[in-house]
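The values are calculated or read from the model by the stated rules, or taken from the named source; none is laboratory data. Remember, predicted model here, so these are calculated numbers, not experimental data. As a convention, Cβ positions derive from the backbone with ideal geometry for all residues, glycine included, and neighbour counts pool all protein chains shown.
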Amino acid sequence: MVEDEAMNHKPYHDSMNAVLDGAIAPADRRALEAHLATCASCQATWDSLSSVHRLFKAAPLAAPRPGFNGRFQARLAQRRSRPPAVWGALALGLGAVAVSALVVPVGLGAIFSTVRVAQQPATSLALLASASAVYVFLSTLADALYIAASALAAAWLPNPLSWAAALLALALTGAWLYVMRKIAPEVKPR
Amino acid sequence: MSEQDWVWRARAGDEGAFGQLVEAYQTPIYNMCYRMLGDAGEAEDAAQETFLRAYAQLGSYDTARSFKTWLFSIANHHCIDRLRKRRLTWLSIDDDNLPPHPALQEQAPGPEEALVRRQQAEQLQGLLARLPPDDRSVIVMRYWYDFSYDEIAAATHSTVSAVKSRLHRARGSLGQLLEPGAAAPRPAGGPVRVGG
């Protein structure tokens, strides 16, 4: 019931805002005036909205301290003398990629190896029976890491394709750095 | 020379031309930052940063768009970013007690009027501080710069209907927050007429 009433008044609230924004059609204005004469609730809303309107309309512009432009020029010159941040971001990005390239395969290998070891009945029994479950888990994890690292090393090191991929990645990184230097030339201080 | 000429010159690397643009927009942009952030020192910093960003991004500015709207868009986004970071730092600020801007106090001629203006400035800034940042920027652009719905939509990367909705909601919230009789005096002349 209350919601229905609110919905009935909503068009008038929209009209009030339209009046304040100078975007009301004459017919809507007349309808609003007629409604306000009979509806105390909408009259109160109108009083409140028009008070806000008057308060904000009367507010002056806040001005900066004198010499704003001079301070801006000094700041611009200071900003230019700084080395561009793009190289730092690039180094961080490449570092993150390199760390991910190491951590993700080793981490995945560790998880899969742990699951495989834990699935064996003997290991499961040993895990359950052990009083120092935490110690067993940690040592199993260490074993799994060792297995994963060994497997990776065994698969990676003797394979010429791996070395070719590494060299290709190195070449692509060099090309990327070269392109970035071209795109974002260093700004020289004045 | 028109504003657009200064913009073209600035884009071509003329620093003096950009200085002219800073001169022309320093007060509007500073006021925008002050109204959004509520602190004179932070507003100075944000306004300076706005111009630095504008200078750095001049190459990507689409000259078919209004320069003013583009500049306000940068200021608005920067201020909203600052407000979000401020919230993340868990700082507790008593928004009701934000000091009024020094320049606003100096404009009052007498002590009584100075007091009234100071109270109004505090009230106004306190009200603004209670609005969500997106609603606050819509109110600031509407009241201090008479931006149209379209201009506000362009500066906030929003739609006209979203702008209208925010503006109406913000006015409604401000109306509820405003204490009865505490607003600027209503113009004399009998009952309220819907005349804007």
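When residues in region B:123-151 are screened for being within 12 Å of chain A (Cβ to nearest Cβ), part of a helix (DSSP H, G or I) and among the small types (Gly, Ala, Ser), 1 of them pass. Scan region B:152-169 for residues that are surrounded by 18 or more Cβ atoms within 10 Å (Cβ to Cβ), free of Cβ contacts under 8 Å to residues at least 60 places away in the same chain and more than 9 Å from every other protein chain (Cβ to nearest Cβ) and the total you get is 4.
Quick check, is residue B:178 modelled with pLDDT under 90 and within 11 Å of residue A:51 (Cα to Cα)?
yes
Figure legend. Inter-residue proximity from region A:59-70: first residues facing another protein chain (nearest Cβ under 7 Å) and within 25 Å of residue B:139 (Cβ to Cβ), second residues β-branched (Val, Ile, Thr) and surrounded by 13 or more Cβ atoms within 10 Å (Cβ to Cβ), beta-carbon distance below 9 Å, spacing 6+ or different chains. Indicated pairs: A:61/B:27; A:62/B:27; A:63/B:27; A:64/B:27; A:64/B:29; A:68/B:22; A:68/B:27.
Scanning region B:31-76 for residues that are within 13 Å of another protein chain (Cβ to nearest Cβ), crowded, with 22+ Cβ neighbours inside 10 Å and not hydrophobic (A, V, I, L, M, F, W, C) yields B:31, B:34, B:35, B:48, B:50.
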